[in-house]
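S.K.: Please find one structure pasted underneath; my questions will follow.
Read-outs: derived from the displayed coordinates by stated rules, not from any lab. As the structure is a prediction and not an experimental result, all values here were calculated from the model. Using ideal geometry, Cβ is built from the backbone for each residue, glycine included, and neighbour counts are taken over all protein chains shown.
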Amino acid sequence: MFVRSLPALKTPLRRGFTSGTVSGLVEAIGNTPLIKLEKLSKETGCTILGKAEFQNPGGSVKDRAALGIILDAEKRGLLKPGGTVVEGTAGNTGIGLAHVCRARGYKCVIYMPNTQSQEKIDLLRMLGAEVYPVPAVAYENPQNYNHQAKRHAENDPNSVWTDQFDNTANADTHYRTTGPEILSQVGGSGNIDGFICATGTGGTLSGVSRYLKENAKGVQTWLADPPGSVLDSYIRSGGKLKHRAGSSITEGIGQGRVTNNMAPIIDQMDGSFSIPDEETVEMLYRLLDEEGLYLGASSSLNVVAAVELAKVLGKGKTIVTILCDGAYRYQTRLFSRTWLQSKNMESAIPDHLQKYVVLP
Ligand SMILES: Cc1ncc(COP(=O)(O)O)c(C=O)c1O
């Protein structure tokens, strides 16, 4: 198994020394390490591995989707030099798109729900994107951020709506990159027993699951869902969508419908867990304290779910999940006592980890 437990030392590049270099930002996306979570692996008797997607240049797993949908739009002739990319995004896809647009000379326009963190909105603007935070309303409402993005593109002939939720170039990029990387990093078929992660668009779960089911013998693929999302109940009820129950402090995950990206794989999911926010918050602080990993809430939820899957599959198994992004974009929330209290999450943090709540 080729799992990187310690990061390799990077040798500073010398003039004329090109081995191991990549060409520009675009080629720096992907090929992230697969990190063994030592303490949790010991605790569960399984090997729990996290794909370090926070190491992508834009800081999240969504760099892959952003690059995949832009390359696809170029290939299909929808995006011409100097054109505009328009997207509805909770933040990370927009950040990935803004980076790739700068690197490839496109204008970037982003619509997002105004419930998202200020850090993400600020960063998008710093990256040169035009940002429209709009009221967070259901998908059925024509004012939903995705519909507003689509209308914006329809009114500008030089632009393309990249449609991350239903554009299957998103899942395809994970099928072509994330899935094969994971399989090669664990040492090939027979060396991975479970894959689990939460979904926003479903691109990551769908693309990776499809690849693993085709290429890794006996692997199970599971969904992890936050409160307020309907997919857990969809899978458990054998395909009957249920109403949303509650809401979540997580960002970028949770879904009210089966997107085109999820549709080809959802009926092949082996199971699903709904993860309470309290467990996500506790794990977020544990990962920091025990593994030295400073991660956002969707990553933490994924790790809670990987531990749950370890209990289901039994000792000795290898389970992979996604470490989607770092905590840097959410620190004024996740590490603020006032914010945690306002969400009734302060008591979810054990006494010995309270020292990490450093912001008032
Ligand atoms: C932090 C974070 N985690 C997870 C996801 C979900 O990834 P996907 O859209 O591939 O389902 C997103 C999507 O935006 C995200 O921003």
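S.K.: Which order results if CYS324, CYS101, CYS197 are arranged by neighbouring Cβ count within 10 Å, fewest first?
M.R.: By the 10 Å Cβ count, ascending: CYS101, CYS197, CYS324.
S.K.: For a quick check, take a GNM of the chain with Cα springs below 10 Å and name the residue from PRO142, PRO180, PRO133 with the largest mean-square fluctuation.
M.R.: PRO142
S.K.: How charged is the neighbourhood of LEU183? Take every other residue with its Cβ under 13 Å from the Cβ of LEU183, and add Lys/Arg as +1 and Asp/Glu as -1.
M.R.: After counting each charged neighbour, the total is +2.
S.K.: Quick check of the Kirkwood formula: for region 62-161, what is the inverse mean of 1/r over all pairs of different Cα atoms, in Å?
M.R.: 13.3
S.K.: Considering amide H positions built from the backbone, and no H for Pro or chain starts, which residues 5 or more places from LEU293, or on another chain, come under 5 Å of its amide H?
M.R.: For LEU293, the qualifying residues are LEU288.
S.K.: Further question: Eigenvalues of the Cα gyration tensor times 5, then square-rooted: what semi-axes does that give for the chain, in whole angstrom, largest first?
M.R.: On the way: eigenvalues 168, 122, 98 Å².
The three semi-axes for the chain are 29, 25, 22 Å.
S.K.: Same structure, new question: List the residues, sorted by chain then number, that are 5 or more residues from GLN164 or on another chain and whose placed amide H is less than 5 Å from its amide H.
M.R.: When sequence neighbours closer than 5 places are left aside, the close amide H contacts are GLY88.
S.K.: Starting from the amide H of LYS317, placed 1.01 Å from N in the peptide plane, find each other amide H under 5 Å away whose residue is 5 or more places distant or on another chain.
M.R.: Sorted by chain and number, the residues that satisfy this are THR47.
S.K.: Only bridges with both residues in the chain count here: give the DSSP antiparallel percent, nearest 5.
M.R.: So the antiparallel bridges in the chain amount to around 15 percent.
S.K.: Over 13 Å apart: what share of the alpha carbon pairs of region 315-360 falls there, rounded to a whole percent?
M.R.: Percentage above 13 Å: 64.
S.K.: Compute the distance from the alpha-carbon center of region 237-267 to that of region 280-333, in whole Å.
M.R.: 20
S.K.: Can you work out the PRE-style zone for GLN143? Point 7 Å along Cα to Cβ, and I want the residues of region 94-124 with backbone N under 20 Å.
M.R.: 110-117
S.K.: Here is a follow-up. So what J values fall out for region 135-140 if you push phi through Karplus, 6.51 cos²θ - 1.76 cosθ + 1.60 with θ = phi - 60°, rounded to Hz, Gly and Pro as x?
M.R.: Once θ is set to phi - 60°, the couplings for region 135-140 become x, 7, 10, 4, 4, 5 Hz.
S.K.: Each label point is 7 Å from the Cα along the Cα-to-Cβ direction; what then is the distance between the points at ASP156 and LYS42, in nm?
M.R.: Simple spin-label model gives 5.3 nm for this pair.
S.K.: Suppose only helical runs count, i.e. DSSP H with n ≥ 4. What mean residue ellipticity at 222 nm does that imply for the chain under -39500 (n - 2.57) per run, divided by all residues and rounded to the nearest 500 deg cm²/dmol?
M.R.: Helix contribution divided over all residues of the chain: -10000 deg cm²/dmol.
S.K.: Now for a different question. HN-Hα J couplings of region 63-74 from phi, Karplus 6.51/-1.76/1.60, θ = phi - 60°, integer Hz, Gly and Pro as x?
M.R.: Karplus values, whole Hz, x for Gly and Pro: 4, 5, 5, 4, 5, x, 6, 6, 4, 5, 5, 5.
S.K.: Which of ALA306, THR280, MET262 sits farthest toward the positive end of the charge dipole of region 256-324, with +1 on the Cβ of Lys and Arg and -1 on the Cβ of Asp and Glu?
M.R.: Positive-most Cα among the choices belongs to MET262.
S.K.: Could you work out the percent of alpha carbon pairs in region 236-360 separated by over 24 Å, rounded to a whole number?
M.R.: For region 236-360, the fraction of Cα-Cα distances above 24 Å is 34 percent.
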